Amino acid sequence: MSKKISVVIPTYNEERYIGRCLKSLVNQTLHREEFEIVVVDGGSEDRTVELAEGYADAVIHQKSEGVGGARNDGVDRARGEIIATTDADIILPEEWLARICADFDSNRRVVAVYGPIIPIEDIFKYQFLIGLFNKVAYLSARMRVFYATLGSNTAFLRRTFMQIGGYTDLPAGDDYEIALRLKREGRIYYDPELYVDFSMRRMQQFGILRTLYIWAINAVSVKRDGTAKVNYTRQIYYR
């Protein structure tokens, strides 16, 4: 039986966070029968899989390399007309899925939607810098020069995602690169109200300015020649 929307979540040793993420998903305003949750695990050695099985419709073992590969594996298993992607440490507002569906329903030319990220941690420097990032993302989308389609808060039409071949095997920046191919197939819509609560733990680990710098370098590089200059994802995810 097909679903309206499938949520794909890659995981690796996320037992501290996956529970609250999945709880926020099962408490969506969109009726539970209209969506499914697909968790793709990259070989966790903690209780991630056990916890995910308590909420998800499917928990599968990752076969492809990298975070993009995990999402591709999830899409292969998914049955939804729309694919929404997020991360295990994200908390989703209760209207997140309903808003995604409404965004697609509002314009038949839309092939992807995405929105801002809001720090979970109530710390001024995080609120300020991520707020600045969101403003740049919004202006870039309005000018149609760049789309910050972060894997933590983006959704695609499944048929278009499959048509363009899904995520590439770039070691970083694959969530930016996919927008370059998607925009050839239709409209990419930035919804400023489609926010998610975003954990700053990786930025705390690697430094927020360094992380934003890496994002910027990879974004420019991916747009220019389709490559990633800095690979930081292997340090925090899957092998």
Being more than 20 Å from Gly173 (Cβ to Cβ) and among the aromatic types (Phe, Trp, Tyr) is the filter; apply it to segment 105-137 and report the residue that is nearest to the chain's Cα centre (by Cα). Tyr126
So which of Leu132, Leu150 is of a type outside the set (Val, Ile, Thr) and in contact with a helix residue (DSSP H, G or I) (Cβ under 6 Å, 6 or more places away or on another chain)? Leu150
On the basis of being surrounded by fewer than 21 Cβ atoms within 10 Å (Cβ to Cβ), free of Cβ contacts under 8 Å to residues at least 12 places away in the same chain and of a type in the set (Ser, Thr, Tyr), does Ser24 make the cut? no
Just one of the numbered conditions (1) under 22 Å from Ile188 (Cβ atoms); (2) in contact with a Leu (Cβ under 9 Å, 6 or more places away or on another chain) is not true of Ile90; which one? (2)
Members of segment 38-60 found to be surrounded by fewer than 24 Cβ atoms within 10 Å (Cβ to Cβ) and either under 21 Å from Thr168 (Cβ atoms) or in contact with a Leu (Cβ under 8 Å, 6 or more places away or on another chain) (or both), listed by number: Gly42, Leu51, Gly54, Tyr55, Ala56, Ile60
If the Cβ limit is 7 Å and pairs must be 6+ apart or interchain, which residue in segment 99-119 that is among the charged types (D, E, K, R) pairs with which residue that is surrounded by fewer than 14 Cβ atoms within 10 Å (Cβ to Cβ)? Arg99/Glu193
Within segment 68-96, considering residues that are of a type in the set (Val, Ile, Thr) and in contact with an Asp or Glu (Cβ under 7 Å, 6 or more places away or on another chain), the one surrounded by the most Cβ atoms within 10 Å (Cβ to Cβ): Ile90
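Only the coordinates and a few stated rules stand behind these numbers; no lab work does. Note that the structure is a prediction, hence the values are computed from the model and not measured. Note that each Cβ is placed from the backbone with ideal geometry, even for glycine, and that neighbours are counted across all protein chains shown.
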